Amino acid sequence: MNPKSLEIIISGRVQGVGFRPFVYNLAKKHNIKGFVTNVEKGVLIRALADETVLESFYDQILIQKPRSSDITSSQKRTILSTENFDDFVIKPTAPSLLIDIPLTPDFAICESCSNEILNAENPRYYYPFTTCTQCGPRYSITKKFPFERINNSIDEFTMCESCSQEYKNSDDIRFHSQTNSCPNCGITLKFTTNSGDIISESNTEIFKIIAEKLALGNIIALKNTAGYLLICDATNQAAVKELRLRKRRPTKPFAVLFKDASVISNYLHLNYLEESTLSSTEAPIVILSVKNSLDLAVNQIAPNLKTIGAMIPNSGTLKLVMENFDKPIIATSANFHGSPIASSEKEVTKTLKEIADYFLHNSLKVLHPQDDSVMQFSEKYAKKIVLRRSRGFAPNVLNFKIPECNEKILCFGSDLKNTITILPNSNCYTSEYIGDLENYDTYLRYEKTIENYHKIFDFEPEIVLFDAHPKYISSQLAESIVHPENEIHYHKIQHHKAHFAAILGEKKLWKSKDKILGIIWDGIGYGDDDQIWGGEFFEYQNKAMNRLGHLDYYPWVLGDKMSKNPKISAVSISDSNPLFRNHFDDNEWAIYTKTIQNPRVNTSSMGRLFDAVGFVLGFHQPIYFEGEAAIYLEKLAQEYYSTSENKLVDYLENSDLVDNCIPTKLLFETILIHQQNGIQAGEIAANFHYTLIKCIEKVASTNKIRTLAFSGGVFQNSVLVDMICEFLSNNFEVHLHENFSPNDENISFGQLNYYLNIKN
């Protein structure tokens, strides 16, 4: 047979994952001549061989692809080629190449590299920065793309002769590994006191010292591949309590690092899906229910909860800590409550010396600090709920391309749980979780993230999109960069419409011919009528989005104070019910009742309704982190709902939803009556959730809509998600977020989708 030349283009997450070395070895195996190289749209392969060999080669590329890769499209064509190939080679990437593919996220340490650092006979014994083509930091150290050594911060470390040989050896797992290093040429460690005195710079010694310090109850700030973590002994009540005090974090749960999944299963309920998620290349934190507290300081780790965020080591550093300290440890972002994760030695020694007793530094520059991603699975139907999308997932939005758009777009997101989204090419990129912009350090990180994207993509926006709230920090920053001379245009997009657009975009529903009901429930968002929205029903069809109904308005009392103290929501919704009088001093009661009688602003916030119901059912403390009262309510409901013989009651069964509006006051009064009649809190909580589900059903049926799309922070609630699956999915087409968090992290992605798809 005459040889033919085949041109193959593979797109998706195919750079920085060992794709070129994989293709090289596969080609050599089949005696194929030609080359592989990075190109704008992914990886280009030119292959010369018999037709049958080429077909097998192409099929095997798609089937056997590297573990960390993700192919979104592949093209092949037979070409006439005048090139004569003597061999198969990896061609260098063109230095001026513009990249239009997903960025490569950070990958958890693989099994092979883990084994090497624990093998006393291996040259990389106790070298925590051991990586290969399938694992290690990527996005966190990226200066520019494509992901070549020269374009990331590990380029500061020149490969020694041994590493160079590995890099060139096609049989080695580090063949063309852009993060290759070893103890002789790579990243160094330094263990110090909180005053900066060096204790040790020996890798083997450092991890033994860390174990000793943890056993004594000390708190250590440890630099991981994406930023610093604060660690302490999770079995030491006093140590965990002290960490809470120093970190100014009264009740928000801590994540716990376990040696492996088998250890987790001793403490927490763990199914196959959860275990596979924990051990994936993304290695997120997974929320699990407590099985046996054993020696864990559960009440200090997750006060008032029966769940714990569990993780296993995602780096060599954490692997070696756990190898030396045979107990679970707290592993939380190194920051003060509300500030972003710290990433530089200068930063942490200045800001965290009052928190950490000791520091573990390393010499690798982290360019894009990231928190760990967090997710959970609903108890009954195992639906994935992303609580925080960050390390391992950001900034890519896989399988979402916009080839027809020629505008360069920057989306500023929301003020709470901020992310940014950019469209520099046909791919969309949504940043890692940044945080709440009311914190000044978070705001600086926000500005830095925007600047970093400018550098990575040589990106200058032509369009900026931002929230319609006039007082949002993100909106003010967006407006400040818009000047007639720079020809940047801007568009304000209402908060809940952005949420709705986010789920429509994620689920590719824009071209649906059927009406879609958007159920968008969260805490707050500035509405088109100058009121505070948060419990919304929208209708979408044929490029038009309209508000269909909402939670009945009630007074918005003292702004941010209302979101921090659930008793204010309770007294507002109940129209100053005397039942709550004893929870206020005379001055408070006078102010609140007067405000409620003559409100300047009203709200339809579903989040504040959850707070109010939580207060009635026993949550009487201030709210220290967003959603705290709602989580309390969710756990109450879960206990009742998970018992199959318990019957659920619709508190609004005999009430019509006039104008598609949920009667807030009537629902709340009914809950109060049941509470006063001695009905158990768990039963009331479960029925409250069920009543909301029935309200959705009524609105959908009344308006003859069969497709339902959900977004907003309220849908982080696993009980609501399970009830949606149980009571709505049989009669309706149901769409929930899977790749994005339902909370405000998706706002920037939604802003982009709204702009691209809604008729103005």
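List of remarks:
- For the residues 477, 517, the requirement of being of a type in the set (A, V, I, L, M) and closer than 27 Å to residue 738 by Cα singles out 517.
- Residue 745 in a helix (DSSP H, G or I) and of a type in the set (D, E, K, R): yes
- In the range 522-546, the residues that are over 26 Å from residue 473 (Cβ atoms) and in contact (Cβ under 8 Å) with a residue 40 or more places away in the chain reach residues that are part of a loop (DSSP other than H, G, I, E, B) and charged (D, E, K, R) with C-beta atoms within less than 8 angstrom, at least six apart or across chains, in these pairs: 539/515; 540/515; 543/759; 544/759.
- Filter pass, residue 106 being outside the structural domain of residue 430 (by TED's automatic domain parsing), touching a residue at least 12 places away in the same chain (Cβ under 8 Å) and more than 22 Å from residue 401 (Cα to Cα): no
- Scanning the range 564-575 for residues that are crowded, with 17+ Cβ neighbours inside 10 Å and either part of a loop (DSSP other than H, G, I, E, B) or among the aromatic types (Phe, Trp, Tyr) (or both) yields 565, 574.
- One residue stands out in the range 632-658 among those that are more than 23 Å from residue 287 (Cβ to Cβ) and exposed (fewer than 11 other Cβ atoms within 10 Å of the Cβ): the one that is modelled with the lowest pLDDT, namely 645.
So that you can scan it fast, the table gives a plain yes or no per residue for (1) within 30 Å of residue 125 (Cβ to Cβ); (2) surrounded by fewer than 16 Cβ atoms within 10 Å (Cβ to Cβ); (3) more than 22 Å from the chain's Cα centre (by Cα):
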site	(1), (2), (3)
275	yes, no, no
284	yes, no, no
287	no, no, no
299	no, yes, yes
302	no, no, no
308	no, no, no
311	yes, no, no
317	yes, no, yes
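- Pairs are defined by a Cβ separation below 9 Å, a sequence spacing of at least 6 or placement on different chains, a first member in the range 667-694 that is in the same structural domain as residue 725 (by TED's automatic domain parsing) and modelled with pLDDT of 95 or more, and a second member that is small (Gly, Ala, Ser) and surrounded by fewer than 17 Cβ atoms within 10 Å (Cβ to Cβ); the pairs so defined are 667/655; 681/618.
- Subset of the range 539-558 [in contact with a Cys (Cβ under 8 Å, 6 or more places away or on another chain) and over 27 Å from residue 593 (Cα atoms)]: 549
- Sub-6 Å Cβ pairs linking a first residue in the range 112-123 that is among the charged types (D, E, K, R) to a second residue that is at pLDDT 95 or above, at least 6 apart or interchain, are 116/122; 116/124; 116/130, ordered by first then second residue.
- Count of the range 28-43 residues which are assigned to a loop (DSSP other than H, G, I, E, B) and surrounded by 22 or more Cβ atoms within 10 Å (Cβ to Cβ): 1
- Number of the exception - residue 218 against (1) farther than 18 Å from residue 352 by Cβ; (2) in contact (Cβ under 8 Å) with a residue 24 or more places away in the chain: (1)
- Residue match in the range 3-18 (condition: among the β-branched types (Val, Ile, Thr) and either part of a helix (DSSP H, G or I) or without any contact (Cβ under 8 Å) to a residue 40 or more places away in the chain (or both)): no
- Test result for residue 173, at negative phi and buried (at least 19 other Cβ atoms within 10 Å of the Cβ): yes
- Any hit, the range 232-249, residues being part of a loop (DSSP other than H, G, I, E, B) and within 27 Å of residue 116 (Cβ to Cβ): no
- Listed by first and then second residue, the pairs with beta-carbon distance under 8 Å, at least 6 apart or on different chains, first residue in the range 287-306 and farther than 16 Å from residue 631 by Cα and part of a loop (DSSP other than H, G, I, E, B), second among the aromatic types (Phe, Trp, Tyr) and at pLDDT 95 or above, are 291/267; 292/267; 293/267; 294/267; 296/267.
- Looking across the range 159-183, the residues that are assigned to a loop (DSSP other than H, G, I, E, B), in contact with a Ser or Thr (Cβ under 9 Å, 6 or more places away or on another chain) and free of Cβ contacts under 8 Å to residues at least 40 places away in the same chain come down to 159, 160.
- Search result, residues across the range 572-620 that are farther than 15 Å from residue 552 by Cα and of a type in the set (Gly, Ala, Ser): 576, 590, 614, 618
The values are calculated or read from the model by the stated rules, or taken from the named source; none is laboratory data. All of these numbers come straight from a predicted model, not from anything done at the bench. Counting neighbours? That spans all protein chains shown, and the Cβs are built from the backbone with ideal geometry, glycine included.
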